[in-house]
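Scroll down for the structure; my scribbles are underneath it.
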Amino acid sequence: MIKNFLSVGVINAFALLVGFLVSVLLARSLGVEVFGQYSFIMSLVPLLALPIAAGLPQLLTREIAGYIELKQWGLFQGGIKSAYSWVGLSSAVLVLVCFVFFLSGLIPLAGYGFVIPLALLLVGLNGLNAVRQGIMRGLGSPSMAVLPEMLVQPLLLLVSLFVLNTLFDLNLLAALSAHVVSALFAMISAVVILRRLLPEEVHGPEPEFRKKQWLKALLPFGLLQIFAVLNLNIGTVLVGFLSTDAEVAAMRVAEKFSQLIVLPVIISNFVIAPHIVVAWKKRDMERMQLLARHSARATFLLCLPFSMAFILWGEPLLSLVYGEAFAIAAQPLSIIAFGQIVKGFCGPVGILLTMTNHEGETLKCHIVALLVSVSLCLLLIPHYGASGAAVGISVGLVVWNAMLGISVYRNLRIKPSAI
């Protein structure tokens with residue numbers, strides 16, 4: 001278990017770094033305005049994917065693992081077929097709805113018509129990849145599950161964008177096309193990996209279905225993922241609707257740069273998660289307290305230098321990495337960096353709750369934090385652009401971590417912070 005978690009953590013960290021390099025390449029190639037348009041579209045993609053795949057990987061992981069343990073191969077087959085049918089049907093409905101809304105002018109996306117089909121295709125591919133990821137996790141191969149999405153796709157995207165930028169003038173259409181191609185190859189690699197992992201027993205029995213039970217079970221998983229995705233992307237999307245392309249670019253750059261701050265948190269969470277599960281099963285609260293405290297102190301000490309560097313020298317760093325035109329992201333970056341300092345200080349609050357069967361508490365905190373973030377964004381973005389969105393996102397992040405910390409103490413009686 002520990003080996004799998006470490007492998008997934010390393011792959012996630014690698015994907016984050018490659019994603020950062022992709023953002024640098026695109027920002028320097030496209031310029032502020034077009035990069036802002038690209039950022040807006042790429043922030044819409046995970047939101048559009050919510051009706052298609054929200055909670056599906058987590059549900060599949062749980063159900064598939066159970067069916068294998070009980071050797072219920074008919075339900076195994078039925079679960080997989082139902083998941084693919086859900087993705088196919090919901091993708092078709094999404095395309096139809098977007099087509100009607102776009103033609104009627106109810107969605108203010110003037111100027112994006114030529115790339116909307118690519119965005120919708122990317123949504124569908126991501127939905128299929130999510131299904132396969134959930135199945136492979138259920139088969140007990142979490143590192144292989146994330147390999148196509150976190151290794152194959154970002155590497156291929158980086159290479160294809162570099163080649164396109166070298167041979168031609170990179171534009172919005174080419175950038176989104178590269179995303180679609182890399183997602184397609186990630187899907188093909190996932191198909192190959194999954195076929196090798198499937199046990200022989202699944203090929204014989206007739207599929208069995210429990211659709212009502214599965215739909216009921218999907219709801220809590222879906223809600224948790226919906227609010228998590230909204231918290232991550234709502235700032236950039238609202239800037240896209242309420243401000244200029246340049247402000248969208250500034251917000252995207254600030255968010256990408258600030259992801260370097262939370263890299264230690266991501267790795268730490270993957271490392272300590274299996275230890276927390278073991279300690280919780282043994283009800284070893286002293287062990288959980290030590291894990292939480294040591295993790296919080298380590299991540300806080302690693303996050304603090306990056307955060308302070310971005311707060312004090314954000315403008316020259318952004319000019320050096322992204323180009324002088326993106327120095328406008330310095331203020332949003334410093335605001336987001338402050339929120340990340342608080343996140344590092346609060347410790348592994350989210351992972352403590354989810355690994356101890358308190359997902360409902362996590363969902364409540366997500367909802368409150370999202371409401372705070374959206375309210376502040378709607379109030380501040382029209383006047384302050386990306387900086388206003390950064391305030392909304394950072395305040396929401398602080399509220400979320402504070403509420404989770406209180407919940408951890410109330411439910412587990414441990415103090416997860418760095419002090």
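Consider a paramagnetic label point 7 Å from the Cα of R210 along Cα→Cβ; state which residues of the stretch 61-105 have an amide N under 18 Å from it.
61-84
Write down, largest first, the equivalent ellipsoid semi-axes of the chain in whole Å, where each equals the square root of 5 times an eigenvalue of the alpha-carbon gyration tensor.
One finds semi-axes of 32, 29, 20 Å for the chain.
Enumerate the calculated ³J(HN,Hα) couplings along the stretch 211-217 in order (Karplus 6.51 cos²θ - 1.76 cosθ + 1.60, θ = phi - 60°), each rounded to whole Hz, writing x wherever the residue is Gly or Pro.
Calculated HN-Hα couplings, in order: 5, 5, 5, 5, 5, 5, 6 Hz.
Which part of the stretch 334-358 falls in the paramagnetic zone of I406, meaning amide N under 19 Å from the point 7 Å along Cα-to-beta-carbon?
Once the point is set 7 Å along Cα→Cβ of I406, 342-354, 358 turn out to lie under 19 Å by backbone N, inside the stretch 334-358.
Could you calculate the contour length gain from E286 to K415, that is, 0.36 nm times the residue separation minus the distance between their Cα atoms, to one decimal place in nm?
Going from the current span to full extension adds 45.4 nm.
Which peptide among 182-193, 241-252, 211-222 comes first, and what is the full order, when sorted by highest mean count of other Cβ atoms within 10 Å?
Order by mean packing, descending: 241-252, 182-193, 211-222.
Which whole-Hz ³J(HN,Hα) couplings does the stretch 277-293 yield from phi under the Karplus relation 6.51 cos²θ - 1.76 cosθ + 1.60, θ = phi - 60°, glycine and proline marked x?
4, 4, 5, 5, 5, 8, 6, 8, 5, 5, 5, 5, 4, 5, 4, 5, 5
Can you compute the charge dipole magnitude of the chain about its Cα centre, using +1 on each Lys and Arg Cβ and -1 on each Asp and Glu Cβ, nothing else charged? Give it in debye, rounded to the nearest 20.
I would put it at about 1380 debye.
If each DSSP helix of 4+ residues adds -39,500 (n - 2.57) and the sum is divided by the residues in the chain, what number results at 222 nm, nearest 500 deg cm²/dmol?
Estimated from H runs of four or more residues: -29000 deg cm²/dmol.
May I ask you to compute the full-extension gain from E200 to V229, defined as 0.36 nm times their residue separation minus their alpha-carbon distance, rounded to one decimal in nm?
6.8 nm
Please identify which residues in the stretch 157-188 have an amide N closer than 20 Å to a label point set 7 Å out from the Cα of L17, following the Cα→Cβ vector.
Once the point is set 7 Å along Cα→Cβ of L17, 157-162 turn out to lie under 20 Å by backbone N, inside the stretch 157-188.
Set the Förster radius R0 to 30 Å, insert the Cβ-Cβ distance between V181 and V321 as r into 1/(1 + (r/R0)^6), and round the FRET efficiency to 0.05.
Computed FRET efficiency for V181 and V321 comes out at 0.70.
Which value in nm describes the separation of the simple spin-label points at V159 and A309, placed 7 Å from the Cα toward the beta carbon?
2.9 nm
Apply the Karplus curve 6.51 cos²θ - 1.76 cosθ + 1.60, θ = phi - 60°, to the phi angles in the stretch 72-83 and return the couplings in whole Hz, x for Gly and Pro.
9, 6, x, 5, 4, 5, x, x, 5, 4, 5, 5
What are the radius of gyration and Dmax of the stretch 193-287, computed over its Cα atoms and given in Å?
According to the Cα coordinates of the stretch 193-287, Rg and Dmax are 21.2, 57 Å.
Peptides 382-392, 263-273: what's the order by average Cβ count within 10 Å, highest mean first?
382-392, 263-273
FYI, it's all coordinate maths here, none of it is from the lab. Worth saying up front: this structure is predicted, and the values here are computed from it rather than measured. Here Cβ is always computed from backbone atoms with ideal geometry, including for glycine, and neighbour counts include all displayed protein chains.
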